[in-house]
Amino acid sequence: MRLNVTGVFFTCMSPHVATSLVRRPCENQTRMPRLNQPPLQRSPDPIRVMVVEDDARFQAAFVAAVQAAPDTVLAGVATLRTEALALLTGPDADVLLVDIGLPDGSGIDVIYAALKAWPSCGVMVTTTFADELHVMQCIEAGAVGYLLKDSSPHNIVDEIRNLHQGGSPISPLIARRVLERLQPAVSDARVHDLKPKSKEGITLSTRETEVLQLVAKGFSYEEIGQRMSVSRHTIRTFVRRIYAKLEVNSQMEAVSEARRSGLLPL
């Protein structure tokens, strides 16, 4: 008697033996290899980010997001003001994320110290403070971004890229606060009588002019660096110098002011 089990013939034997043979995998069966996740392809020139945050949940989310992105790298993490100030003696960061309500002092002190130690660093405040006083103090200290902790922290890498490319990420509520602060002054000055003030005596170097011309044409820092055979960090340094000379805070303002001052053609 032969027993036909799933297409394999066995000589008559006890059922439990046949069943065990059917369920036993073939010794020569080739196992499928496990598919490994491809390694993360890091950018050769990543954005170095320092995080100063005392809230454990936000700190963990910021750190995880920075480490997971291919074009950002973590330059340092601090929970306290004193820890942040100590990190400023090390290699510089391109972007500083800083909370201003730290357990041992104000993050505004860190902003001042960071821009003194790392002049080309872009500072972005991440905080719960939405009042006018804190906003204006941070802007006066040199922050170019201000985000409230009312949205998902996982979008922070997009904001870091925005700031690093010359933008100023700012929460809508904060933008409204700044506009409301400026409106009375503009109204008192009578808008129709305002005339742009030319900045006499300002000159840009040949390289600064070249950078600003390419910025005006819409090229990114990375594209400008490739055209000029330098790193985008060097381009950011040129842009910071241009901002300081023209007393502006954004690419649009820099191009507009340069054209009014005759440094760029209209």
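No lab work stands behind these numbers, since they all come straight from the coordinates. In this text the structure is predicted, and so the values were computed from the model without any measurement. Positions of Cβ are backbone-derived with ideal geometry, glycine not excepted, and every protein chain shown enters the neighbour counts.
Observations, loosely collected:
- Shown here for the range 81-181: chymotrypsin sites (Phe, Trp or Tyr not before Pro) in loop regions (DSSP other than H, G, I, E, B) with at most 15 other Cβ atoms within 10 Å, of which there are none.
- Ascending count of other beta-carbon atoms within 10 Å, so fewest first, for 138, 121: 121, 138
- Length gained on full extension, residue 179 to residue 206, computed as 0.36 nm times the residue gap minus the Cα-Cα distance: 6.2 nm.
- The aspartates and glutamates within cross-link reach of residue 245, meaning a Cα-to-Cα straight distance under 16 Å and a gap of 8 or more places when in the same chain, are 200, 208, 210, 253, 257.
- Under 5 Å between amide hydrogens, built in the peptide plane, is the criterion, and for residue 126 it picks out 98, 99, 100, 147 among residues at least 5 positions away or on other chains.
- Pairwise FRET efficiency - residue 133 versus residue 231, Cβ, R0 = 41 Å, nearest 0.05: 0.60
- Here the Karplus relation 6.51 cos²θ - 1.76 cosθ + 1.60, evaluated at θ = phi - 60°, turns the backbone of the range 69-82 into coupling constants of 7, x, 10, 10, 9, 7, 8, x, 9, 9, 9, 10, 4, 5 Hz, with x for every Gly and Pro.
- Amide H to amide H, with H built 1.01 Å from N, residue 48 comes under 5 Å of 73, 94, 95, counting only residues 5 or more places away or on other chains.
- Cα-derived Rg to Rh of the range 219-259, Kirkwood definition: 1.00
- The range 203-266: trypsin sites (Lys or Arg not before Pro) falling in loop per DSSP and having at most 12 other Cβ within 10 Å: 217
- For GluC sites (Glu not before Pro), the sites in the range 208-251 that DSSP calls loop and that have at most 13 other Cβ atoms within 10 Å are 247.
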